[in-house]
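Have a look at the structure below, then the notes.
The values are calculated or read from the model by the stated rules, or taken from the named source; none is laboratory data. Everything numeric here is computed off the predicted structure, so don't read it as measured data. Backbone-built Cβ (ideal geometry, glycine too); neighbour counts: all protein chains shown. Remember, those area values only see protein heavy atoms, side chains included, never the ligands or the DNA or RNA. Shrake-Rupley method; radii C 1.70, N 1.55, O 1.52, S 1.80 Å.
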Amino acid sequence: MRVSNTVLLCFLATPYLTFLCNGLQYTEYVEVEYNENGEGVAYPEKEEGISYPEYPTYPEYPDYQEYPDYPEETTRRPCASSTAKPTTTKPAPTTTKPAPTTTTAAPTTTTAAPTTTKTTPKPTTTNPPAPTTTTVKPCEKTAKSDIMEVLDASSSIGETNWGHQTKFAADITQAFKIGPNDIQFGCLIFNNETTKIFDLKTFSDKTSLYNKIRSIAYPTNQGTFTYRALRKIREEGLFSPFYGGRPGASKIVIVMTDGQSSDKAKTISEAELLKKSGVTIIAVGIGSEVDTTELKAIATDPNKVFSAENFTLLDVIKKELVNFTCEQTGRS
């Protein structure tokens with residue numbers, strides 16, 4: 001048997017050179033097949049001219065048998081296994097929810113104590129009669145008359161009472177036949193100054209006249225300078241033809257106030273001068289603050305003074321005032 005030099009050298013060398021010998025030795029490649037037991041059988045490469053035994057043959061196995069298709073199962077079956085896996089049943093977590101406490105309140109039966117109603121007689125307060133709409137008989141006289149209404153617009157009147165006063169003044173005009181050949185109305189308001197609202201010749205129909213008086217705004221100025229209004233009528237000649245006054249027509253002034261004038265002496269003096277010029281003055285006092293003596297001095301005579309307890313009761317004296325004014329018409 002021949003041994004190569006390389007192999008001999010490997011036996012003689014130290015174990016540390018073993019890996020070198022393994023790397024340098026010739027490696028022969030062979031074909032390997034596996035038998036039925038899973039053991040590998042190596043067959044060297046065949047050389048020409050050498051007969052080799054035949055490789056062992058293995059029995060042919062029949063083809064796998066095809067199984068029929070089964071319908072899909074709707075219920076999943078457990079796998080058939082000889083060793084069943086132990087089923088570990090985990091206890092479901094027990095969540096203890098407190099039961100809702102339903103508090104049923106016991107029905108409370110309220111027994112009302114018998115109420116003893118003591119009837120205490122209320123003190124009887126005598127209130128002034130509620131204002132009523134007085135039906136005023138129209139003045140049937142056809143004589144010419146020029147009438148100036150003079151309204152108190154001082155700060156003591158107030159917005160509400162101002163509305164009562166303008167309504168009273170407007171209602172009076174509706175009892176007369178209005179026109180250039182019948183009755184004509186003019187209007188002034190006063191406080192610390194005097195303002196002419198319209199002249200005698202301004203309106204010739206009832207509707208326009210009424211609406212104008214009702215629409216007069218409350219000025220809220222202070223002072224009750226009655227004498228300035230009387231002086232304005234006299235000095236400016238508001239009964240003159242320039243402002244619509246007519247010759248031969250009766251001249252009437254209706255003064256309304258809720259208190260004493262700021263200058264009593266001047267008020268009485270101006271009233272006297274106006275009366276001497278042929279003007280009839282009718283004085284209307286409203287409320288408890290008026291000076292009856294002053295009103296009588298302003299009016300042409302004491303029977304031409306009218307009084308109302310408050311502004312809501314002006315309607316009570318309306319009929320009487322209209323009837324009296326109607327009697328004065330036609331007197332020059």
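Counting every pair of alpha carbons in region 133-236, the share spaced more than 20 Å apart comes to 40 percent. Holding the Cα-Cα limit at 18 Å, pick out from LYS137/LYS319; LYS201/LYS275; LYS137/LYS206; LYS276/LYS296 the pairs that are longer than that. Those over the limit are LYS201/LYS275.
Accessible area per residue (1.4 Å probe, heavy atoms of protein chains only) ranks ARG331, ARG246, ARG231 as ARG331, ARG231, ARG246, with the largest value leading. Accessible surface of LYS232, taken over heavy atoms with a 1.4 Å probe and every protein chain present, rounds to 40 Å².
When you count the other C-beta atoms within 10 angstrom of each residue and take the mean per peptide, 156-162, 311-317, 282-288 line up highest first as 282-288, 311-317, 156-162.
Full extension of the chain between THR202 and THR292 gives 29.1 nm of extra length, using 0.36 nm per residue less the Cα-Cα distance.
Can you tell me the dipole magnitude for region 196-253 around its Cα centre, using point charges on the Cβ only (Lys, Arg +1; Asp, Glu -1), in Debye to the nearest 20?
Numbers: 11 positive and 4 negative charges, 16 e Å.
Once rounded to the nearest 20, the dipole reads 80 debye.
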